[in-house]
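Participant: Here it is, the structure in full.
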Amino acid sequence: MKILDKYLLKSFLTTFATVFVILFFIFILQTVWLFISELAGKDLDFLLIVKFLTFSMPRIVPLVLPLSILLASIMTFGSLSENYEFAAMKSAGISLQRAMKSLIVFIILLSFVAFWFANNVIPYAEYKFVNFRRNIAQVKPAMAIAEGQFSDVGAYNIKVEKKSGENGNLLEGITIHKKSQMGSGSNTVIKAKKGELISNEDSNILKLILHNGNYYEDIVPKKYEDRKNLPFAKSEFKQYVINIDLSKLNNADMNEDQITNTNTMLTVGELNYTIDSLHKNFTKDINSYAENIYQRTGIVALPVKPIGIKTKSKPNKLLENYTNSQKTQLLRVASSTIDATAFSVESYKYEFENKQKNINIHWIALYDKFVIGFACLLMFFIGAPLGAIIRKGGLGLPIVFAVLIFIIFHFINTFGKKVAEENGISPILGCWMSSLVLSPFAILLTYRATNDIGLINIDAILQPFQKLFQKFFPSEE
């Protein structure tokens, strides 16, 4: 490796490492802010908080890495141009492509590392992160319920006035609202003076034992006219036990929500296998439903008419051989069948849309692992020529350009994935949309930097206006 390559590589790596650490710290603070409700006031020791943040750190890398490469590239090449070091290189016959050679090799290697990281480390960290949140609630029952506010825990909203005990498992002033299964609010209220939380590390069930309280429940009569009386039931108890499913504390861990969120915990091979299974199940469900609808219509296949055999002609109107009462009955049955079928189609449409959305989410997770690697290359080929053109190093103008470009990249990326998730476009287009939009910009910048053309050619823009001005206002000689 030549002295020039070592110098450029050292300059870039120093800037890159500094920028990466600063940005990573900023995004970690954002993570703390997002999960502050789970960390604050939950009687967690310092070691548990460190583990919590450690498992959440890898998900930040896909955001921090491309932005760090972009900003480091602009700052490094901008500083070289500002100090006329590029001018000295060009006078010695060294082109911009030759100066970027060692850095291009490094960025390519970094892209493969980024793909490996996204394919192996991030899924493992997501798995540990999700399960660690559940385990905290098992080891620290107090985490499930915050003091002085309503906590949404599975099928209950629980509020306690005061917590005590070694692990915060002794409760006072308890108010519980049980959620209605019909989604119409809470019809059951439980109040108790004292309570105790009991959990087991090997179980997902959290036991809440209440002492000296009252139980209130609104009763909804079957007859509508009886509902105006607003009947309710009230009882007192000395001890009442409620079993709470801890899996409800983390929607990404159990039951239905696991189907839509496990994509972040899978590698490329596992995603391919899962997507194939989801596609087969989806096709099977559609075929099964179509067959069911066809049989419910009562339509049977008509036999093929034999050649040479005359058959009786059918009436022009299907109902003309029936009486008026029979026609009314047939039309009523047909209308009822159509309404039932339309309702069934509408209901299953929502279910099939969710299944298709689930498939799209897994495709997006698969393509994202490749996009992160390409994003590293793309940001370098945008940042390096841009720095050589603007000829500014430091933390001023380079930060403005870097943030602006990265916001555009991140916005297009988020928008594309959201549209693809809703089945508006294909998942591959949604994931690669930001790269497709910014790739021509990277090529243009590289071309202009190689040929010593500014970022914006003011003369080319103003020339048509100058000609128009000279046409209407010719100069007098």
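Participant: What FRET efficiency would be calculated for the residue pair Thr14, Leu47, taking the C-beta separation as r and a Förster radius of 35 Å, to the nearest 0.05?
Facilitator: After rounding, the FRET efficiency stands at 0.55.
Participant: Please work out the FRET efficiency for the pair Phe441 and Gln149, using the Cβ-Cβ distance as r and a Förster radius of 51 Å; give the result to the nearest 0.05.
Facilitator: 0.60
Participant: Same structure again: In the structure displayed, which of Lys207/Lys234; Lys128/Lys179; Lys280/Lys417 lie more than 26 Å apart, Cα to Cα?
Facilitator: Result: Lys128/Lys179 exceed 26 Å.
Participant: Oh, and also: If I model a spin label at Ile219 and Val345 as a point 7 Å from the Cα along the Cα→Cβ vector, what separation in nanometres do I get?
Facilitator: 4.4
Participant: Right, next: Quick check: residue separation of Ser336 and Ile425 times 0.36 nm, minus the Cα distance between them. What number comes out in nm?
Facilitator: Gain on stretching Ser336 to Ile425: 28.4 nm.
Participant: Mind checking the full-extension length gain between Glu161 and Lys357? Use 0.36 nm per residue of separation minus the Cα-Cα distance, one decimal, nm.
Facilitator: 66.4 nm
Participant: For Gln97 and Val121, calculate 0.36 nm times their separation in residues minus their Cα-Cα distance, and state this gained length in nm to one decimal.
Facilitator: In short, 5.3 nm is gained.
Participant: Can you compute the modelled spin-label distance between Leu170 and Lys284, with each label point 7 Å from Cα toward Cβ, in nm?
Facilitator: Result for the modelled spin labels: 5.5 nm.
Participant: A follow-up question, please. Give the calculated FRET efficiency between Gln30 and Lys6 to the nearest 0.05, with a Förster radius of 22 Å applied to their Cβ-Cβ distance.
Facilitator: Rounded to the nearest 0.05, the efficiency is 0.05.
Participant: Still on this structure, please answer the following. Measure off 7 Å from each Cα along the Cα-to-Cβ vector at Val113 and Asp452, then give the distance between these two points in nanometres to one decimal.
Facilitator: 3.6
Participant: Also, quick follow-up: Run the paramagnetic zone check for Asn272: 7 angstrom along Cα to Cβ, then residues of segment 339-377 with backbone nitrogen under 19 Å.
Facilitator: 359-374
Participant: Let me ask something else. I'd like the distance separating the alpha-carbon centroids of segment 353-388 and segment 417-455, in whole Å.
Facilitator: 10
Participant: Just the number, please: carbon plus sulfur as a percent of the accessible area of segment 335-387, 1.4 Å probe, no ligands or DNA/RNA counted.
Facilitator: 65
The values are calculated or read from the model by the stated rules, or taken from the named source; none is laboratory data. Small disclaimer: the values here were computed from a predicted structure and weren't measured. Heads up, the Cβs are rebuilt from the backbone with ideal geometry, glycines too, and the neighbour counts pull from every protein chain shown. We work out accessible area using only protein heavy atoms, side chains counted, and drop any ligands, DNA or RNA first. Shrake-Rupley method; radii C 1.70, N 1.55, O 1.52, S 1.80 Å.
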